[in-house]
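Reviewing the structure listed below.
Just so it is clear, none of the values below were taken in a lab; they were calculated from the coordinates. No experiment lies behind these values; they were computed from the predicted model shown. Glycine gets a Cβ as well: all are built from the backbone with ideal geometry, and neighbour counts include every protein chain shown.
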């Protein structure tokens, strides 16, 4: 089930500090909020480290006081003095600390929620049980539709327009920033500013039914130029089949009914119930980031999808012959 | 403390209004709801119009002044009751005066907490100036 | 009550020892616990409270086993120990069981058991209501938990967010959750009523409001919170079940509904719930800390401040569970600020304990160990709580394992550790014997270490990006080691609880009885003999200080010798003293109900109503509901407002008190008032729903307006107000002795009420509002239906009063029934006015 490997980088030193240096080593970091790769995540991570430090100090003081009063306290202190203790430690000190924290928190809140300027790259993401429909909106007349994979240009803001067609989901890329829920009947927004290139993992954070654990996606932050090229390539139709095997694969795809739910632009397949597959072969993973995108996994998926992903809407295609699975997987894999 | 004070008519139970001590936190609750509902309804219904968000901020400011006025009144009257007829701070004896002063202190403390909580909520309007 | 105790004693000294022995015998006879199979008809607080505690502790163990199953599943990545479906049922049940079947009930159970002892009262004012609540709790709890063994358990999470639970789960699980737990919530509210009236009205003479034990302050606050927190959830349950059963689209965005309404209603309940669970444990600590510090609590008023303050502030935090739903920043900020403010009273609370410990000479014991563990871990939970209250951090932490870690630090640290301390502390009071200090120390280390190993790593797991409520996770994401550590820790924690369980249940026939007041505490519950006797307290004492056992000389001897009030039960009835709210001046000698099976059958058939409704067996459900109504009416008819054989009774020390009180001084009137406060809170939550839809829709009510029009609702309003007036008039005529006028006006009121209901229902009916088409007709029908049902209940009460008067059980002098019914009608009139104002008035003005 190894999906994505990422070189460990960033805040491992701090992470180790946080957990006394023994608990984590060799964290991949691709899904970590403590390994920020976006402006929002960085701000929040800084906020976290400050708060964690402050909390540790306060906890230490409280424990010292508790141990003193339970174990070391030599004589009973006068009650009047103890009462002053309540006023100072219980009322005044927390009020001051909380006021500072409140101001700090409120100060960074507006920027995190601010709507991006006009002309920002807009990506519409719709949550489904248990996958993501992704549409790139700007510049093109027709939105470019993909599924379960998002690429973003480094250093540019992106405006996610989030919605859901069935139950409540929550769109979260921990390394880039906070999460926002996808609520049926509503549209929500999330602005992110990726700052580091790399591959990250996004997840659904709101419990959404049987396969909630299997509702993930891949995020790749690349340089602007590479992004533009990629997007231009993704906007094209599928390549016309170059050899007989591919042609037979495509025919099989259309005959077995896959096209009722899936779209492959350039063919008759125009179903919209399931994920769009025009450039499926270029994706890194399969099944909303469940498995690496390999031919074996594709074959397995087509034959045993219900067992692999509980509650999934896609039916299993058990009745195919062995070579037909191979044809289909080869066809899908070459849809780059 | 003179014995007669303990039993004088002034401190009889029937003059006591125990729910007075709940008014300051109730004012806090009303203030919170008023701020929230004003902001939520404004952002749901009018944010797209040309009206300025300043209206919401001013409204929150007015609510806060009103709320604080009531809370400070109770704070002061609670404190006065607490220090009534005595320099001693305790109020744990079995006399109506002790009960009278205890409820005064409770009102005073709850008012102080309500005032801080109200100011916390009001501070939000200083930092956030739109419906994003 | 400021008479000198010395005088009392000399007066009482005339009683011979023989007389004392006889009076004690009569008293014991009156309070005797039934034997054999009739034991289960007992209603005495010590029996019911103990059953209740044991039952909720069993549910705790069940919830704990579910937690272990989850930890086994998550121990390694890609585990197949549980299927997704099983895991989802189990995590839903774990949360629901721990919250609804353990945390809230155990506090109510324990309070039912010890509150009368702390107040030097014989029993709570409505012992049969406690028994009814207990049986409802057990029946509902077994029903909900049992579903897990038939693979039919709810699997929508304990928060049950629609539309997942409304349109995407066709099985019966969600209905079991909604109806089963609503049933239990009603039992919780019943206990809350009992406890509020208990604290306010059943205190011993002299226990002024500045002297009541701190535990009682907390109970008062928590029970009050239940009254305002549970009704919104009940309202939400009604809406969600109506959508599931009848397709009324409250949460379906296609037809104007909105899933967020549920989230608001759920968290208006859900956040105070956390404090409802936490504050009683602080209350336990507030009893134990002064005992072990051997000094009165420092800053009594400050503790009261923090209890009341936390109670209030906790209602202003609910939106912090919804920070990521795309709300405007201003709303987020407001609730973020309020969430931080609530930390202030909590800080005060902790420092009061610290101050008391430093002001005293601490005597160590296992209790204190657990209190230390509780505070040390709760502080971590509190600090992470402040962290997630800062909205930007919550954007990351929300719905991750960080929150799982945080909430368990709060709930295990803040709630369960103090409860364990409470077990060690109060066990002698229940069993007459102590738990083992030696085993206790091992339990302490196992539990403390196991707990931290389990839950501390979860903070990191969450920050590394692991969301909550996932049944599995991939390898090599950094989650593997941390999850394994958590799972291993949970085994250690479980071992600790197992050892604790052994200590609690092991046979202790050889163990000697504990000495009386083993901890040398200062509060009234430690007057109990070892083992305790069923009368609660030998005689109801006069209180002059916060710690009478410490500060009132010869106190225990005077109580034992029956030198205070109600030392006898001359008429063989169960009696206790009702006193005034502020200064606890004695006001009434209250006779409370004795053993009966009626409460059991009432609970059984009430349960039948909810359980049959789950399966949509409407006929069986209605039948069961009608039988339940019949049993409850029988119970009320035979067991309440009984006309006493004499007006007043000598309760001792030259004090005579009335045996029968009606109106605002009666405990029954208070119970009705409190019940109706909760009831109208649920109704206001439904009205909130109406205006919530108004805020989210451009046109609400949708144009052109379909219904219900103005004519019929206003006709209904006028008729129902006439019925209200007639009810009040009949109360007056009853008291004035105009019997015929009474019969006439009350019968007329019943007829006019029913006509008014029909008129009210005619509004949406004649304008053909179809509740399945859009949320507007649906919410109109819910508001109208709610009001109609309440009027029908009101009519039943009117008929009840007519029957009571006809049977001679209610007269011009003994008129508690009609007093309480007219109180019900005050609230009903308010409900009617609000309903008509909303359904007919609002469309005209908007």
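PRE reach from residue C:439 (point 7 Å along Cα→Cβ): which of the range C:363-390 fall under 16 Å by backbone N?
Once the point is set 7 Å along Cα→Cβ of residue C:439, C:366-367 turn out to lie under 16 Å by backbone N, inside the range C:363-390.
What's the exposure ranking of C:782, A:221, B:72, going from fewest to most Cβ atoms within 10 Å?
Details: C:782 21, A:221 26, B:72 15.
In order of increasing Cβ crowding within 10 Å: B:72, C:782, A:221.
If you take the beta carbon distance between residue B:14 and residue B:80 as r and set R0 to 25 Å, what does 1/(1 + (r/R0)^6) give as a FRET efficiency, to the nearest 0.05?
Values: r = 20 Å, r/R0 = 0.82.
After rounding, the FRET efficiency stands at 0.75.
With springs connecting C-alpha atoms under 10 Å apart, model chain A as a Gaussian network and identify which of A:73, A:293, A:243 has the largest mean-square fluctuation.
Largest GNM mean-square fluctuation: A:73.
Indicate, rounded to the nearest 5 percent, the antiparallel portion of the DSSP beta bridges found entirely in the range A:125-232. Show your work: numbers first, answer last.
Numbers: 24 of 32 bridges.
Once the DSSP bridges in the range A:125-232 are tallied, antiparallel ones form about 75 percent.
Zone of residue B:130 (label point 7 Å along Cα→Cβ, backbone N under 13 Å): which residues in the range A:103-143?
Within reach of a label on residue B:130, which here means backbone N under 13 Å from a point 7 Å along Cα→Cβ, the range A:103-143 contributes A:110-119.
Counting only Cα, what are the radius of gyration and maximum Cα-Cα distance Dmax of the range C:194-321, in Å?
For the range C:194-321, the Cα-based Rg and Dmax read 19.2, 64 Å.
Obtain the radius of gyration and the Kirkwood radius of the range C:749-840 from its C-alpha atoms and give Rg over Rh. Don't jump to the answer; show the numbers that get you there.
Values: Rg = 16.0 Å, Rh = 14.5 Å.
In the range C:749-840, Rg relative to Rh is 1.11.
Rounding to the nearest 10 and keeping the result within 0 to 90°, find how far the Cα-based axis of helix B:54-82 lies from the longest principal axis of chain B.
0 degrees
I need the shape label for the range C:365-404. Rule: rounded when a/c is under 1.5, else prolate if a/b > b/c, else oblate, with a, b, c from the alpha carbon gyration tensor.
Values: a/c = 7.02, a/b = 2.99, b/c = 2.35.
Prolate.
Counting only C-alpha contacts under 8 Å and six or more residues apart, can you give the relative contact order of chain A as a whole percent? It would help to have the intermediate numbers written out before the result.
Numbers: 578 pairs, mean separation 53.8, N = 336.
Rounded, it is 16 percent for chain A.
Would you mind listing how long the range C:50-200 runs along its three principal axes, going by Cα atoms, in whole Å with the largest first?
Here the spans come out as 58, 32, 22 Å, largest first.
Considering only chain A, what is the antiparallel percent among its DSSP beta bridges, to the nearest 5?
Numbers: 30 of 42 bridges.
If I count the DSSP bridges inside chain A, around 70 percent turn out antiparallel.
What nm value, rounded to one decimal, do you get for the distance between residue A:142 and residue B:73 when each label is placed 7 Å out toward the C-beta?
Using points 7 Å along Cα→Cβ, the separation is 6.9 nm.
At a 10 angstrom cut-off on C-beta neighbours, averaged per residue, how do the peptides A:269-276, B:119-126 rank from highest to lowest?
On the way: A:269-276: 16.9, B:119-126: 21.9.
Highest mean packing first, the order is B:119-126, A:269-276.
Within 10 Å of each Cβ in peptide A:197-210, how many partner chain Cβ atoms are there on average? Round it to a whole number, please. Could you put the intermediate results ahead of the total?
Working: counts 0, 0, 0, 1, 3, 1, 7, 3, 11, 11, 14, 5, 9, 9.
Mean inter-chain Cβ contacts per residue within 10 Å come to 5.
So what is log10(I(q)/I(0)) for chain A at q = 0.16 1/Å, when the Debye sum runs over its Cα atoms only?
Treating every Cα as an identical point scatterer, log10 I(q)/I(0) equals -1.40.
Write down Rg/Rh for the range A:50-105, rounded to two decimals, with Rg from the C-alpha atoms and Rh from the Kirkwood relation over Cα pairs.
1.07
How many nm separate the modelled label positions at residue A:92 and residue C:736, each set 7 Å beyond the Cα in the direction of the Cβ?
Output for this residue pair reads 6.4 nm.
Please compute the volume of the convex hull spanned by the alpha-carbon atoms of the range C:449-593 and report it per residue in Å³. Can you show the working numbers first?
Values: hull volume 36.2 nm³, N = 145.
In the range C:449-593, the Cα convex hull volume per residue is 249 Å³.
Taking the number of other C-beta atoms within 10 Å as the exposure measure, put C:305, C:261 in order starting with the fewest.
Details: C:305 29, C:261 23.
Arranged by neighbour count, lowest to highest, C:305, C:261 become C:261, C:305.
I'd like the antiparallel share, as a percent to the nearest 5, of DSSP beta bridges with both residues in the protein assembly as shown. Walk me through the numbers on the way to the answer.
Details: 41 of 53 bridges.
Looking only at bridges with both residues in the protein assembly as shown, the antiparallel portion is about 75 percent.
Between 0 and 90 degrees, rounded to the nearest ten: what's the tilt of helix B:23-41 against the longest Cα principal axis of chain B?
10 degrees
Is the shape of the range A:186-336 best called rounded, prolate or oblate, per the rule: a/c under 1.5 gives rounded, else a/b larger than b/c gives prolate, else oblate, with a ≥ b ≥ c the square roots of the Cα gyration tensor eigenvalues? Can you show the working numbers first?
On the way: a/c = 1.92, a/b = 1.27, b/c = 1.51.
Verdict is oblate for the range A:186-336.
If the viscosity is 1.306 mPa s and the temperature 10 °C, what Stokes-Einstein diffusion coefficient in µm²/s follows for chain C when Rh is the Kirkwood radius over Cα pairs? All intermediate terms of the calculation are to be shown ahead of the outcome.
Values: Rh = 28.4 Å.
The estimated diffusion coefficient comes to 56 µm²/s.
Using 0.36 nm times the number of residues separating residue C:842 and residue C:691, minus their current alpha carbon distance, what extension gain do you get?
Details: separation 151, 0.36 × 151 = 54.36 nm, distance 0.98 nm.
The residue C:842-residue C:691 span can extend by a further 53.4 nm.
Over chain B, what per residue volume does the convex hull of the Cα atoms give, in whole Å³?
Working: hull volume 13.8 nm³, N = 132.
Taking the convex hull of the Cα positions in chain B, it is 104 Å³ per residue.
Compute the FRET efficiency between residue C:643 and residue C:560 as 1/(1 + (r/R0)^6), taking r as their Cβ-Cβ distance and R0 = 35 Å, and round to the nearest 0.05. It would help to have the intermediate numbers written out before the result.
Numbers: r = 35 Å, r/R0 = 0.99.
About 0.50, to the nearest 0.05.
Take A:333, C:510, A:313 and order them by how many other Cβ atoms sit within 10 Å, fewest up front. Don't jump to the answer; show the numbers that get you there.
Numbers: A:333 17, C:510 5, A:313 14.
Starting with the residue having the fewest Cβ neighbours, the order is C:510, A:313, A:333.
Quote the convex hull volume per residue of the range C:622-669, based on C-alpha atoms, as a whole number of Å³. Show your work: numbers first, answer last.
Working: hull volume 4.4 nm³, N = 48.
Convex hull of Cα atoms, per residue: 92 Å³.
What average count of beta carbons from other chains do you get within 10 Å of the Cβ of residues in C:207-220? Write out the running numbers ahead of the final one.
Values: counts 1, 10, 7, 14, 7, 0, 0, 0, 0, 0, 1, 0, 0, 0.
Rounded to a whole number, the mean comes out at 3.
Across peptide A:110-121, what mean number of C-beta atoms from other chains lies inside 10 Å of a residue's C-beta? Show your work: numbers first, answer last.
Numbers: counts 8, 3, 6, 14, 3, 3, 0, 0, 0, 0, 0, 0.
Counting Cβ atoms of other protein chains within 10 Å of each residue's Cβ and averaging gives 3.
Rounded to whole Å, give me the distance from the Cα center of the range A:45-72 to that of the range C:155-199.
Taking the Cα centre of each part, the range A:45-72 and the range C:155-199 sit 38 Å apart.
For the pair residue C:634/residue A:107, report the inter-label distance in nm, with labels modelled 7 Å from Cα in the Cβ direction.
Simple spin-label model gives 7.1 nm for this pair.
If contacts are Cα pairs under 8 angstrom and at least 6 residues apart, what is the relative contact order of the range C:228-383 in percent? Write out the running numbers ahead of the final one.
Working: 148 pairs, mean separation 38.6, N = 156.
Over the range C:228-383, the number comes to 25 percent.
Rank-order C:408-418, C:540-550 by packing density, defined as the average count of other C-beta atoms within 10 Å over each peptide's residues, highest first. Each step should come with its number before you reach the end.
Details: C:408-418: 24.5, C:540-550: 22.0.
My ranking of the peptides, most packed first, is C:408-418, C:540-550.
Compute the long axis of helix A:39-67 from its Cα atoms, compare it with the longest principal axis of the Cα atoms of chain A, and write down the angle in degrees, 0 to 90, nearest 10.
The angle comes out at about 40 degrees.
With a 10 Å cut-off between alpha carbons and a GNM built on chain A, which of A:87, A:264, A:108 moves the most?
Comparing A:87, A:264, A:108 in the GNM, the peak value goes to A:87.
Pick out which of B:44, B:115, B:29 has the largest mean-square fluctuation in a Gaussian network model of chain B, springs linking Cα atoms closer than 10 Å.
Ranking B:44, B:115, B:29 by mean-square fluctuation puts B:44 first.
For the protein assembly as shown, what mean projected area does the convex hull of the alpha carbons give, in nm²?
On the way: hull surface 203.4 nm².
Taking the Cα atoms of the protein assembly as shown, their convex hull projects to 50.9 nm² on average.
Please list, by residue number, everything in the range A:228-263 whose backbone N is under 13 Å from a paramagnetic label point 7 Å out along Cα→Cβ of residue A:282.
Output list for this probe position: A:228-239.
Estimate the FRET efficiency between residue C:40 and residue C:754 by the formula 1/(1 + (r/R0)^6), using the beta-carbon distance for r and 56 Å for R0, to the nearest 0.05. Don't skip to the end; give the middle numbers.
Values: r = 39 Å, r/R0 = 0.70.
Here the calculated transfer efficiency is 0.90.
Over the range C:486-608, what is the relative contact order in whole percent, taking alpha-carbon pairs under 8 Å and six or more residues apart? Walk me through the intermediate numbers first.
Details: 92 pairs, mean separation 17.0, N = 123.
That works out to 14 percent.
Report the Rg/Rh value for the range C:389-442, based on alpha-carbon coordinates and the Kirkwood definition of Rh.
Numbers: Rg = 17.5 Å, Rh = 13.7 Å.
Dividing the radius of gyration by the Kirkwood radius yields 1.28.
Send over the semi-axes of the range A:249-332's equivalent ellipsoid, whole angstrom and largest first, taken as the square roots of 5 times the C-alpha gyration tensor eigenvalues. Mind showing how you got there, number by number?
Numbers: eigenvalues 57, 44, 37 Å².
Semi-axes (√(5λ), whole Å): 17, 15, 14.
Over all distinct Cα pairs, what is the inverse of the mean 1/r for the range C:230-281, reported as the Kirkwood hydrodynamic radius in Å?
Details: mean 1/r = 0.0849 Å⁻¹.
One decimal place: 11.8 Å for the Kirkwood radius.
How many times 2.2 N^0.38 Å is the alpha carbon radius of gyration of the range C:273-352?
Values: Rg = 15.4 Å, N = 80, 2.2 N^0.38 = 11.6 Å.
Here the Cα radius of gyration is 1.32 times the empirical estimate.
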